[in-house]
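Written below as C-alpha cells is the structure these notes are about.
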Amino acid sequence: MGETKQSRDREGADSSQVTFFVRCNVLKHYVAPVIAILLMACSGCQSPNAWAELMQRNDELSRDKRRLQRTLDQRDGIVAALKGQINTLKAFDPDRPADLFVPKTIEIASRSGGANYDDMPGDDGITVYLRPRDADGDVVKVPGRIEIQLLDNSVLATPRVIGVYTFDDPEVIRKAWHGKFATNHYSLRCSFPRQAKLPASGRLLVSAAFVEFLSGTTLTQTREVTFSRPGN
C-alpha cells in the first residue's frame, strides 16, 4: 500500500509538472505578444505616430494570419482528397486487372521509312509509325514520351547517330495519334538535319523508346528502314 501511495504521489507530481509547463508555454505564446504590444503602446506615449504604426502592423499580421489559414485549409482539403483516393484504391480487389490497358511492347510499323516533306526529289526525313500494344497484342492509345534515334549502322561496330528526336509535349503527342481508318498509330516526322551525312546504302536503323506517362515504364524497339537520298 505504501508503494502504491508513493507511486500515485509521483504520478500526481509529474502531472502537475506537465500542466505547469503547458501553462507556461501557453502564457509564453499568448501573454508575451500582449506585453510587447503594451510596451510599444507605452513608448507610443512619446510619439504621436507610434500608435498608428502599431495598429497598421497589427492589421498586417491579421491579414497574414488569414492568408496562412486559407493555405492550411486548402492543404487539408488536398490531403483529404488524396486519402479518399487511397481508400478507394485499397477497396479494389487485389487481383484486379490493373494493367489491362498498360502497353507491354511497342511496334515500329513496316510502312515506316523515308518521306518527302518538300516535294523536291529525294526524301527529307523518316516518318516513324509507332504502335503501343498491350499484353494481348492489341493496339492501345496511351500517352507517353517518345524518343526516336536515326542511326547509320553501315559499320556495325561503330553505328553513327544521324539525329535524335524527342516528342514529350502532350499536345504534340495528342496530334501525332491517328486512329481512323484502321491506322491506330503515332505518326512521327523525323526530318534529316541540315548537312547530314547520309549513308549511300539508303538504309537507316530506327531506334524508338516509349516512356508511358502513368507507370513510367520504358519500352524500346528497333527497325531498319529505307529512304531515297535527297536530290535522287
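The values are calculated or read from the model by the stated rules, or taken from the named source; none is laboratory data. Note that the structure is a prediction, hence the values are computed from the model and not measured. Here the Cβ is made from the backbone with ideal geometry for all residues, glycine too, and neighbour counts use every protein chain on show.
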- Message: Whether any residue in region 140-149 is at pLDDT below 95, over 18 Å from T217 (Cβ atoms) and either outside the structural domain of L198 (by TED's automatic domain parsing) or hydrophobic (A, V, I, L, M, F, W, C) (or both) is what I want to check.
- Response: no
- Note on the structure: Selection from region 204-223 of residues crowded, with 16+ Cβ neighbours inside 10 Å and either of a type in the set (D, E) or without any contact (Cβ under 8 Å) to a residue 60 or more places away in the chain (or both) yields L205, S207, E212
- Message: Take D168 and tell me if it is modelled with pLDDT under 95, among the charged types (D, E, K, R) and closer than 24 Å to T226 by Cα.
- Response: no
- Residue hits (region 188-203; outside any loop (DSSP other than H, G, I, E, B) and either of a type in the set (F, W, Y) or loosely packed, with under 15 Cβ neighbours inside 10 Å (or both)) are none
